[in-house]
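The values are calculated or read from the model by the stated rules, or taken from the named source; none is laboratory data. What you see is a predicted model, and the numbers here were worked out from it, not measured in a lab. Cβ sites come from the backbone with ideal geometry, for glycine too, and all protein chains shown count toward neighbours.
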Amino acid sequence: MSFNTIRSYVLSIFVFVVIIFFLPFTQDYFTTSKWYFVGFFALALLLSSVGSFVFSKRITWKKKEFDTPLTLFIIAGVLSVLFGSTNKIQALLNPNFGLLTFLFLFVIYYYISRSHKRLPQGSVVLSIFSVLFSITVLAETVPLITSRLPSALQKFQNVTLVGTVIDALIVLGFASVILLSKLLKKDSNISKNIFSFLGFIFTTLTVVVLLFTLVKNRSTLVLPPFSLSWYSAVEVLKQPMTALFGVGIDNFQVAFVKMKDLAYNSSPLWQIPAFTLSRTAVFQTMTEMGLLGLGSLFLILSLLVKKAFSAEGSVVGKLVSLYFVGAFLLFPPSFLLFFLLFVWVGMEESQRRSKELAVDFGEIVPAYAVLILLGVVGIGGACFMLGKLYMSEYMFQKSLTSNNLKDVYNSMRTAVSYNPYDERIRTNFAQVNLLVANTVAGRATKDKDGKIQLSETDKQTVSQAIQASIDEAKAVVTLNPNKAANWDLLATIYQNIAGVVQGADTWTVSAYQRAIVLDPQNPSYRLALGGVLYGAKQYDDALQLFEQTVALKPDWANAEYNYAWAAYQKGDYLIAANAMQACVSLLNPTTNAADYKRATADLAEFKKKVPVESTQTQDTTGAAQQKESLSLPPTSAPQVEPKISLPKTASPEAK
């Protein structure tokens, strides 16, 4: 058996393994694990070619028709990262829609399309796989079944053997289409038809059950609105650069935020400030990769359909090509969706003969040696870097599962050192440093005057932890300053240390202002900034922000409540009473009993002020008692005297 034949058998097994592959060593057991598995396997395939070249001293090339559109798609991704992506490393590493994802899958396509043995589409194997997989999906996602599972397994509800429910629908739909094509073939025998029929019935039934479950319980599947996804895609056409290259891979959040409107604040999704993925893979491609990416994706799908409906096309080819067109128009971008597309295209190309070009380096010894050296060093370096990235994911997951604060800190610090470009990890590390500072500050004692005092050692520890927390949050902002959520993180850090660090209150205001500029339709940022100014007794500015918050989301009781108290502090008792009345009307006396009782009591007090508002002085005692109700933010950090002074580099303006 030849080396190429063995590699073909390994590829056949690999395709099935990837679909169900997962490991509990990363935060995302499924997609992340599949991504690294495919990445290392792709590098192993390249290394096998280097090994083959060592013995054969020949480089062979078979031209396949799909090479050009797939290469154009990769080039569009490269240009999108170069000209659009802010955090270019994170754009490379996005498992669902990242440049390395497409590069890895292109390698897989290349070897499948040049395979000496066609990957199997056997009815029996596929039917058995589909039936078993359908059973596991039903057991993991249907409430009637999952409620009877052990408590340790119930936490995996809405997550299937392959990943999310969307991933399960993609795989089951793909298998169902292939099995249906087997049933429609005229030359298939009865025994195979029975297996295909059983597999088709199970997969189709499971798809129907999953869709019914999703429609009935929409909270299990959170996707951005179709309209905003469409507007985000169309928006890129307004500028020449974004029209060609998109906003950049990993930048869908930025495009989505710009397209949010007041209607979004009235939807159940309003508390999600931004989505990282679009509603469909087509919209995602157009938004992040522009017309070049969309055009190359269209070439891939159109060529697939064209070949399937040609004279040489088969029933399975027709159905699968139409399935992929529908899947890219209906499903959000998914690693498994792109994986199945690249694998299927490779399988289709492996059946078509093509001319082979060969270059013999047997007589060109220097070039022969250089190519081997470049191959080994390049693949070795790629494996080393991929290993570091995986270790970062592993240490991050370890930090999330540890119950010891010291272990959490050390594991997360190691994760950051392995991959300092991951905004998610650095965001968590900023919060861990803040937790360390609050934990140490919590050991402080009060002096005779009631002021909190820290020992010099604790003060130094708190100062270092706070500075590290700020540094990490600022690093996240530096990685992508166009994301409002990153500025919100920095503002939250400043707000939490306002009672400890001198000048932190000013920095908080500055950071929130940046977040508001980037996401002007987000009522939460204005509410938070208004709360900061309210705590600083800047009632005019606070009132203005709360008024804007109410305008953005008039059905938010917290906004009305804060607006009422800001007006009360200014002495505008009529406005305060009206706002509190609106707050009471928005609260449910049953589900929000405590808030309803407090707001009703405040309303009664406010109404007493209305007739004599021009002559009465402000009563700040009531405000002091009530301002912590609903959403007026208290100062969570302890008030330390004297406050810690940090260098100017801690401010948001310092780079």
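On the basis of being under 22 Å from residue 271 (Cβ atoms) and either in contact with a His (Cβ under 7 Å, 6 or more places away or on another chain) or basic (Lys, Arg) (or both), does residue 553 make the cut?
yes
Output yes when any residue across the stretch 96-109 is of a type outside the set (A, V, I, L, M, F, W, C), crowded, with 18+ Cβ neighbours inside 10 Å and out of contact with any helix residue (DSSP H, G or I) (no Cβ under 7 Å at 6 or more places or on another chain), and no when none is.
Taking every residue of the stretch 96-109 in turn, none turns out to be of a type outside the set (A, V, I, L, M, F, W, C), crowded, with 18+ Cβ neighbours inside 10 Å and out of contact with any helix residue (DSSP H, G or I) (no Cβ under 7 Å at 6 or more places or on another chain).
Scan the stretch 13-25 and give yes if some residue there is surrounded by fewer than 16 Cβ atoms within 10 Å (Cβ to Cβ) and among the β-branched types (Val, Ile, Thr), otherwise no.
Yes.
Keeping to the stretch 370-382, report how many residues are surrounded by fewer than 16 Cβ atoms within 10 Å (Cβ to Cβ) and either touching a residue at least 40 places away in the same chain (Cβ under 8 Å) or over 39 Å from the mean Cα position of the chain (by Cα) (or both). Step through it out loud before you land on a result.
If we filter the stretch 370-382 for residues that are surrounded by fewer than 16 Cβ atoms within 10 Å (Cβ to Cβ), which is where we start, we get 370, 373-374, 376-378, 380-381.
Okay, now just the ones that are also either touching a residue at least 40 places away in the same chain (Cβ under 8 Å) or over 39 Å from the mean Cα position of the chain (by Cα) (or both), so 370, 376.
Here the count works out to 2.
Condition first: modelled with pLDDT under 75, part of a helix (DSSP H, G or I) and not hydroxyl-bearing (Ser, Thr, Tyr). Now tell me which residues in the stretch 106-128 satisfy that. Walk me through it before giving the result.
Filtering the stretch 106-128 down to residues modelled with pLDDT under 75 leaves 116-128.
When the remaining residues are screened for being part of a helix (DSSP H, G or I), the result is 123-128.
Once the filter is applied, which keeps residues that are modelled with pLDDT under 75, part of a helix (DSSP H, G or I) and not hydroxyl-bearing (Ser, Thr, Tyr), the stretch 106-128 yields 124, 125, 126, 128.
Suppose we filter 581, 616, 625, 548 for residues that are modelled with pLDDT under 90 and either closer than 30 Å to residue 442 by Cβ or not in a loop (DSSP other than H, G, I, E, B) (or both); which single one remains?
625
For the stretch 392-413, check the following and say yes or no: at least one residue is in contact (Cβ under 8 Å) with a residue 60 or more places away in the chain, assigned to a helix (DSSP H, G or I) and of a type in the set (Val, Ile, Thr). If you could, list the steps in order and put the result at the bottom.
Filtering the stretch 392-413 for residues in contact (Cβ under 8 Å) with a residue 60 or more places away in the chain gives 393-394, 396-397, 400.
Now narrow it down to the ones that are assigned to a helix (DSSP H, G or I): 393-394, 396-397, 400.
Checking which are of a type in the set (Val, Ile, Thr) leaves us with none.
No: the stretch 392-413 contains no residue that is in contact (Cβ under 8 Å) with a residue 60 or more places away in the chain, assigned to a helix (DSSP H, G or I) and of a type in the set (Val, Ile, Thr).
Would it be correct to say that residue 423 is among the acidic types (Asp, Glu), surrounded by 13 or more Cβ atoms within 10 Å (Cβ to Cβ) and more than 24 Å from residue 487 (Cβ to Cβ)?
No, not satisfied.
Just name the residue that is modelled with the highest pLDDT out of those in the stretch 436-457 that are part of a helix (DSSP H, G or I) and surrounded by fewer than 16 Cβ atoms within 10 Å (Cβ to Cβ).
Filtering the stretch 436-457 down to residues part of a helix (DSSP H, G or I) leaves 436-441, 456-457.
Now drop any that are not surrounded by fewer than 16 Cβ atoms within 10 Å (Cβ to Cβ), which leaves 439, 456-457.
Values: 439: 85, 456: 76, 457: 80.
It comes out as 439.
Name the pairs whose Cβ atoms lie under 6 Å apart, with the first residue in the stretch 460-481 and in contact (Cβ under 8 Å) with a residue 12 or more places away in the chain, the second basic (Lys, Arg) and surrounded by 20 or more Cβ atoms within 10 Å (Cβ to Cβ), and 6 or more positions between them or separate chains?
472/426; 475/426; 476/426
Name the single residue, out of those in the stretch 80-95 being among the β-branched types (Val, Ile, Thr) and out of contact with any Phe, Trp or Tyr (no Cβ under 6 Å at 6 or more places or on another chain), that is farthest from residue 255 (Cα to Cα).
The initial filter retains those residues of the stretch 80-95 that are among the β-branched types (Val, Ile, Thr), namely 81, 86, 89.
Filter once more, keeping what is out of contact with any Phe, Trp or Tyr (no Cβ under 6 Å at 6 or more places or on another chain): 81, 86.
Details: 81: 15, 86: 13 Å.
Filtering first and then ranking leaves 81.
Looking only at the stretch 490-506, which residues are in a helix (DSSP H, G or I) and surrounded by fewer than 22 Cβ atoms within 10 Å (Cβ to Cβ)?
Of the residues in the stretch 490-506, the ones in a helix (DSSP H, G or I) are 490-496, 504-506.
Result: 492, 505, 506.
Across the stretch 37-66, which residue is surrounded by the fewest Cβ atoms within 10 Å (Cβ to Cβ) among those that are free of Cβ contacts under 8 Å to residues at least 24 places away in the same chain and farther than 30 Å from residue 25 by Cβ?
For the stretch 37-66, the residue satisfying everything is 55.
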